[in-house]
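Structure record follows, encoded as structure tokens.
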Amino acid sequence: MTVEMIREDFPILANHPEVVYLDNAATSQRPKQVTDAITQFYETANANPLRGLYDWSMRATALYEEAREHVARFIGAPLPEQIIFTRNTTESINLVAYSYGLTNIREGDEIALTVMEHHSDILPWQMAARERGAKLTWLEPDAEGVISEAEITAKIHEKTKLVAVGHVSNVMGVTNPVEQIIARAHAVGAVVVIDGAQAVPHHPVNVAELDADFYAFSGHKMLGPMGIGALYVKKEILDKLPPFLTGGEMIEYVTRESATWAELPHKFEAGTVNAAGAVGLDAAVRYLERIGFDFIREREEALTKRMMEALSTLPYIRVFGSADPAKHCGIVTFTVDGVHPHDVSSVLNEDHVCVRAGHHCAQPLMQFLGVGSTVRASVYFYNTEDEVDRFVRALSAVRGVMGYGD
Amino acid sequence: MEIKQLYREIVNEHNLHPNHKGTMTDPTLVLRGVNPSCGDDINLQMKIEDGVITDAMFDGSGCAISQASVDMMIDDIIGKSRDEALDLAGRFMGMIRGTGTEEDLEALDEAAALQDVAHMPARVKCAVLGWHTMEEALANL
């Protein structure tokens, strides 16, 4: 298997060799196996799933539930019904905050987060804390993005009822010590919500081995379509969890005054579901399994290493996070002295290089790092050494374009 | 105009060597303008005497386009009345929307160099930050 062969599967990459796409942490590209699966669903099995008593609807239901089984297996969930399909990580975390958070968090409790969280893993907890009179406490990393054992012990204690932590930071690329955080949280009686948006696309995840209580991720960062994501919930918690959204498809019986809920997981999937999205995610998972995480990691590490080595020769570039490329999960976040990240990105865009510039939905982390915004280049297994070189070449010219004579 | 050319020909000069950046000792009107999505953050200070903007300065931080745009705006509005300044703001917004006339471009003087931002949707907010802030500040007058 070569990268050239892989790129043939991605029409947008194959048709646009001039473009260097390095914003994979924002969203990945999709191979034709995924878009074909979605088209095939609409052309051969399209009907509203879960309700219709005719062949097309039953087929749509079967495909939707097959996708659930497959996703469950992919992340090591013991039972398919422990996977709730959502729109994305944001919706998954909101589901936990509204359903579990508002039911279980009480006045005086603490919710512990890391300062590296994405806004989607901060705002729902601000809401829950505000509604219930709880307090947010923040775990802070060192300069390389590492959260120490001492920090975990100090910030997670008897008052802590819930810990929300990103598996991999979308800015630093660092993998957080989720095993230690989960062990500490469970020892003090707290549950742990893991934002796995940046982890599931890049390395094997086993939620049962991790002993995670909640694990959220998005399809679109792992070759799947936009608008489909998932939430894993531990069985004993799931059994007691009240519904989040209410309406069609999630009921058992409704009277004028009340209702009883459908069985798991349908109780959490109100309204017509995104069956085509689930089918697309299923195809994405199959594609990733075929490529294999060994290959994915090897490619990402090689590209990250090449990029970080080249950036280290440019004195006006400051890279955040670990000095070890293997600890970046393909994410390289940096600043260019004297040039605002938006100007960097606009200039690179003129050379067809796509990077992200801004606060990356992580303003508390930007404040912690003492920067307003940064530039982020993020690779995936389909990127090439040549693309990294073209990015570095374009980046080396940016200060010149901005009027600096170096 | 492509963006590299825009930077080289217009923006860099005002970004690296602004005419009006700093803190004013005796402003009569001060307003902060922020682009939350980009982090552009300016503090516009104006001195208004008998309905005329006699001096203005800005400080803060942001991308080159936001900084250069507010610097050129201040070139335009010093010596203008409130209504004249608001009229210029209207012309600038029109230019950025792509509906500016020759007359608008002439009235805007050097600030008209940003007309190509109309074709750069991601940078529109940067270019209009200073003008929006001024409009808001003067609206309450």
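The values are calculated or read from the model by the stated rules, or taken from the named source; none is laboratory data. Owing to the predicted nature of the structure, the values given are computational and were not obtained by experimental measurement. Virtual Cβ from ideal backbone geometry, glycine too; neighbours counted across all protein chains shown. Heads up: the accessible areas ignore ligands, DNA and RNA and are worked out on the full protein's heavy atoms, side chains in. Shrake-Rupley method; radii C 1.70, N 1.55, O 1.52, S 1.80 Å.
For this structure, a couple of remarks:
- Across the stretch A:171-218, the qualifying residues are those that are surrounded by fewer than 23 Cβ atoms within 10 Å (Cβ to Cβ) and of a type in the set (S, T, N, Q), and the one among them that is farthest from A:Ala112 (Cα to Cα) is A:Asn206.
- Of the helices (runs of 4 or more DSSP H) that lie entirely inside the stretch A:303-406, those containing 3 or more residues that are open to solvent by less than 30 Å² (accessible area, probe 1.4 Å) and within 10 Å of chain B (Cβ to nearest Cβ) span A:341-350.
- Scanning the stretch B:37-64 for residues that are within 14 Å of another protein chain (Cβ to nearest Cβ) and of a type outside the set (D, E, K, R) gives B:Ser37, B:Cys38, B:Gly39, B:Ile42, B:Gly60, B:Ser61, B:Gly62, B:Cys63, B:Ala64.
Matching residues to (1) within 17 Å of A:Pro17 (Cβ to Cβ); (2) charged (D, E, K, R); (3) at pLDDT below 95; (4) touching a His at 6+ places or on another chain (Cβ under 7 Å):
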residue	(1), (2), (3), (4)
A:Val347	no, no, no, no
A:Cys361	no, no, yes, yes
A:Phe368	no, no, yes, no
A:Ser378	no, no, no, no
A:Thr384	yes, no, no, no
A:Arg390	yes, yes, no, no
A:Gly400	no, no, no, no
A:Tyr404	no, no, yes, no
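- Of all residues in the stretch A:251-295 being farther than 22 Å from A:Phe41 by Cβ and touching a helix residue (DSSP H, G or I) at 6+ places or on another chain (Cβ under 6 Å), the one that is surrounded by the fewest Cβ atoms within 10 Å (Cβ to Cβ): A:Trp261
- Residue match in the stretch A:54-63 (condition: over 30 Å from A:Arg299 (Cβ atoms) and part of a loop (DSSP other than H, G, I, E, B)): yes
- Pair list, Cβ < 8 Å and 6+ apart or interchain, from the stretch A:219-236 residues that are surrounded by fewer than 21 Cβ atoms within 10 Å (Cβ to Cβ) to residues that are of a type in the set (Phe, Trp, Tyr): A:Lys234/A:Phe214
- Filter result for A:Asn24 (crowded, with 23+ Cβ neighbours inside 10 Å, at pLDDT 95 or above and in the same structural domain as A:Glu298 (by TED's automatic domain parsing)): yes
- Residue count, the stretch B:2-16 (criterion: open to solvent by 50 Å² or more (accessible area, probe 1.4 Å) and either of a type in the set (Ser, Thr, Tyr) or more than 9 Å from every other protein chain (Cβ to nearest Cβ) (or both)): 2
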